[in-house]
Amino acid sequence: MPLPHILLHGRKLMVRMIKIPIIIFFVLVTFSVIAQEDSLRAHKLNEVEIKSNRLYDIYRLSESSGTNLWSGKKNEVISLNATNANIAEKTGRQIFAKVPGVFVYDMDGSGNQMNISTRGLDPHRGWEFNIRRNGSITNSDIYGYPASHYSIPMEAVERIELVRGTGSLQYGAQFGGMLNYVTKAPDSTRGFSLESITSVGSYGLVSSYLAASGTIGKFQYATYYSKRVSDGYRTNSQTHYDAQSIQLSYAPTSVLKFTAELSRSNYIYHIPGALTDAQFAQDPRQSTRSRNYFNPEIYVPSFTIDWQLGQNTKLTWLTSAVLGYRNSVMFDKPADVQDVPDPATNQYAPRQVDIDNFNSYTSELRLLHSYSLLGFGNKLVVGLQYFNNDLHRRQQGKGTTGTDFDLSLTYPVFGRNMHLKSTNVAVFLENKFQLTNKLSVTPGFRYESGQSRMTGFISYYDANDLPNTIVHKFPLLGLNAQYALKYGSLYAGWSQAYRPVIFKDIVPASAYEQADKNLKDAYGYNAEAGFRGSSKYLRWDVGVFHIQYNNRLGTQAMRNELDQFYLYRTNIGNSATTGAEIYTEYVAPLRKRLAFSVFTSTALFNGRYTQAQIRVAESNVNISGNKLESVPNIITRNGITVRSAAGSISLLYSYISDTFADALNTVTPSANGAVGLVPAYGLLDLNSTFTIRQVTIRANINNVTNCMYFTKRPSFYPGPGIWPSDGRSLVVSVGFKV
């Protein structure tokens, strides 16, 4: 059986294998609860109902929790239970509305993926973040392809924790910091509880989410199944998504807990193709491709040990993996090249098949110890992190001339067939020293040591030139400080970071390209300072930041000893981004059971290249002083919410100023739409949530004014050109929990 058929058959089998245990688990738990009903009645506690006024949907992390130390770091926590945002489709501008400066890149269908960044970094699948699910890393391969292809259903998420770049010492060396999706905890009050959320909406959206959880003695469990289908805003943009998860916990004693999790996400997205500027102006909903598909299927297994070693000492040992595929079959040409049958044969051209196979393993041991020194409480966190990754990349396979999702090859050899194997060990420590009742400082250190080795075959490249080894050795330092005031605190931090050279940086795109064998990892630092706090009616977090990003990767024009032109993939220079982040929210009661709030979440940016040059035609051009791609001068989101005991209604206005698509800061669009100015846009969203007994109804009108806009002109996947974002849509969700 050919390899693609084996992969397809294996994927279908794995889907069945994971669905069957979950269904069986639901049945067994139900019967178990029924069987124990009589015995539980004898020990049943009086029911306690806790009501929340849902006044706030964003708050800050405590100075420490578990084995995590947050003191002095800029951070945000988004409560999904309290927000009115469109969670069925994971609308990023609504979910992250109160986090200043989040850039949302809409490129591959509503609800499929979260593509975000902060502080002017690259938003592609969030790959500048260390992205986690309940603490487990979900980046597909930190050293090969750091994007997170795992797609969690937002209905399963209780809160989102975001720690900015100065958190890199504890979690990973990324410039963006750490982003952690925390799922809903098991019901601790009974043996079985059920939650269901059903959503319907514009463009054929139908979504269902079913979850069960409970506690039986020393055991806890939580499981969910999510399914979503949509025709999409544009022609040929259908999505078929499903996700499953199961979590089992056992606490043999009050100080020891074991947790095992297995989660999966999978979707097939029909890619409608990029547009030229003329096509976008004519009809942004049109399609230039009918035969392109994208399919990431990701499994994230994990096992965690939480151990309270003593009154002041906690230990966490988390081992996890990212396993799965990133599949695509595409007619991969610019937007101005039509995909039509050949008149002579009445057949389409063969499509390109690309398959990435992820095998990424992480083990992380963390310990937090509290101690007294000179009469003050101090905290120390130390840890050890180990990565072992093997990214198997197969690209430029000759696919079929068909129109459906088919990874079959008509020629058995891929044009590229490579492995990038990486190992890395990191040790880290941070210590919060409480110097006075009000002042604390937290110095930190992280050391990374490892290497990535690429081997394999590229059809147009000399096999002797292919092997490439990148060594990663970085000592990283950091320092955070916090000073308590009556209504809040002043905070400041500085932390070094780096971004490893990844697979796409060292793979020559054509026979006319060569990769520098001495490529250097990008490195630099984050610096931030601010004032956050709250009074009776007002909450705020206002600060400034600076990111220094050295050794950026790109291409330069070169000539060999025979005076032949070639492109050289190498480090092209540095960049710096400076800005301000402003969040303020005023909340006040109108009458006994009615309140309103108004907020602004605004970021100002100045992102520039420094000491950098890139290739233009057959020469190198100095771009020092040019603006960074996809970094606007301003991102501002402003809203007003009215809340009552029955529910709430929110109006959100988002504005993002214009950006450039290339380092040359080209204003006039190219014929294929790949470069040119990305115009500014403003959006209005109306969101509401109402609760009637145990039923919650959520209604979202997205992009109320039906603004026609796009967020980015990508230079690679899903193809160069304009990718229109969604117009006006309506989503209604009905949920209950019993």
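All of the numbers you see were taken from the coordinates with simple rules; none came from a lab. Quantities reported herein were computed from a predicted structural model and do not represent experimental measurements. FYI the Cβ positions are ideal-geometry reconstructions off the backbone, even for glycines, and counts take in every protein chain you see.
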### Message
Name the residue from TYR241, ALA260, VAL229 whose Cα lies farthest towards the positive end of the charge dipole of the range 228-382, charges +1 on Cβ of Lys and Arg and -1 on Cβ of Asp and Glu.
### Response
ALA260
## Note on the structure
Checked against a 21 Å limit on the C-alpha separation, the offending pairs among LYS333/LYS398; LYS90/LYS227; LYS184/LYS314; LYS333/LYS517; LYS398/LYS421 are LYS184/LYS314; LYS333/LYS517; LYS398/LYS421
### Query
What are the residues whose amide H is under 5 Å from the amide H of ASN626, where those residues sit 5 or more places off or on another chain and H is modelled from the backbone?
TYR609
### Task
Quick one: what are the phi-derived ³J(HN,Hα) couplings along the range 287-293, Karplus 6.51/-1.76/1.60 with θ = phi - 60°, whole Hz, x for glycine and proline?
10, 10, 9, 10, 10, 9, 9
### Message
With +1 assigned to the C-beta of every Lys and Arg and -1 to the C-beta of every Asp and Glu, and no other charges, what is the dipole magnitude of the range 401-505 about the Cα centre in debye, to the nearest 20?
### Response
680 debye
### Summary
A correct Karplus calculation of ³J(HN,Hα) over the range 687-700, with 6.51 cos²θ - 1.76 cosθ + 1.60, θ = phi - 60°, whole Hz and x for Gly and Pro, returns 10, 8, 9, 10, 10, 10, 6, 9, 9, 10, 10, 10, 10, 10
### Query
Say the dipole of the range 295-356 comes from +1 at the beta carbon of Lys and Arg and -1 at that of Asp and Glu; which of VAL300, THR319, ALA335 then lies farthest toward its positive end?
THR319
### Message
How much of the pair distance distribution for the range 140-194 lies past 18 Å, counting alpha-carbon pairs only, in percent?
### Response
51 percent
### Task
Show the residues, 5+ positions off or on another chain, whose built amide H is closer than 5 Å to the amide H of ASP141.
ALA147
### Summary
Over all viewing directions the Cα convex hull of the range 84-179 casts an average projected area in nm² of 5.8 nm²
### Message
Please list, in order along the range 77-91, the HN-Hα scalar couplings obtained from phi with the Karplus expression 6.51 cos²θ - 1.76 cosθ + 1.60 (θ = phi - 60°), rounded to whole Hz, x for Gly and Pro.
### Response
10, 9, 8, 6, 5, 9, 8, 9, 4, 6, 7, 4, 10, 6, 6
### Task
Could you rank the peptides 528-541, 490-503 by their average count of other C-beta atoms within 10 Å per residue, with the highest value first?
490-503, 528-541
### Task
Per DSSP H run of n ≥ 4, the term is -39500 (n - 2.57); total these for the chain, divide by its residue number, and report the mean residue ellipticity at 222 nm rounded to 500 deg cm²/dmol.
-2000 deg cm²/dmol
#### Entry: Separation of alpha-carbon centers, the range 426-486 and the range 573-601, rounded to whole Å
32 Å
### Task
Report, by chain and number, residues whose modeled amide H sits under 5 Å from the one on GLY673, excluding near sequence neighbours (fewer than 5 apart, same chain).
ASP277
## Note on the structure
To the nearest 20 debye, the chain has a Cα-centred charge dipole, built from +1 on Lys and Arg Cβ and -1 on Asp and Glu Cβ, of 2040 debye
### For the range 491-540 versus the range 61-97, the gap between their alpha-carbon centres in whole angstrom
21 Å
### Peptides ranked, highest mean first, by Cβ atoms within 10 Å: ranges 439-446, 403-410
439-446, 403-410
### Message
Which order do the peptides 251-261, 89-99 come out in when sorted by mean C-beta neighbours inside 10 angstrom, highest first?
### Response
89-99, 251-261
### Task
Calculate I(q)/I(0) for the range 580-738 by the Debye formula, one identical point scatterer on each C-alpha and no solvent, and give its log10 at q = 0.11, 0.14, 0.17, 0.18 Å⁻¹ to two decimals.
-0.63, -0.86, -1.07, -1.14
### Summary
When the charge dipole of the chain is computed with +1 at the Cβ of Lys and Arg and -1 at the Cβ of Asp and Glu, the Cα pointing farthest to the positive end, of ASN84, PHE545, VAL104, is that of ASN84
## Note on the structure
If each K or R counts +1 and each D or E counts -1, the residues other than TYR653 whose Cβ falls under 14 Å of its Cβ total +2
### Query
Using a simple charge model, +1 on the beta-carbon of Lys and Arg, -1 on the beta-carbon of Asp and Glu, nothing else, what dipole does the range 622-738 show about its Cα centre, in debye to the nearest 20?
520 debye
### Task
Stick to the Cα atoms of the range 347-501, pair each with every other, and give me the Kirkwood hydrodynamic radius in Å at one decimal.
19.9 Å
## Note on the structure
Computed over the chain: longest principal axis from alpha-carbon atoms vs helix 3-35 long axis, angle to nearest 10 degrees, is 10 degrees
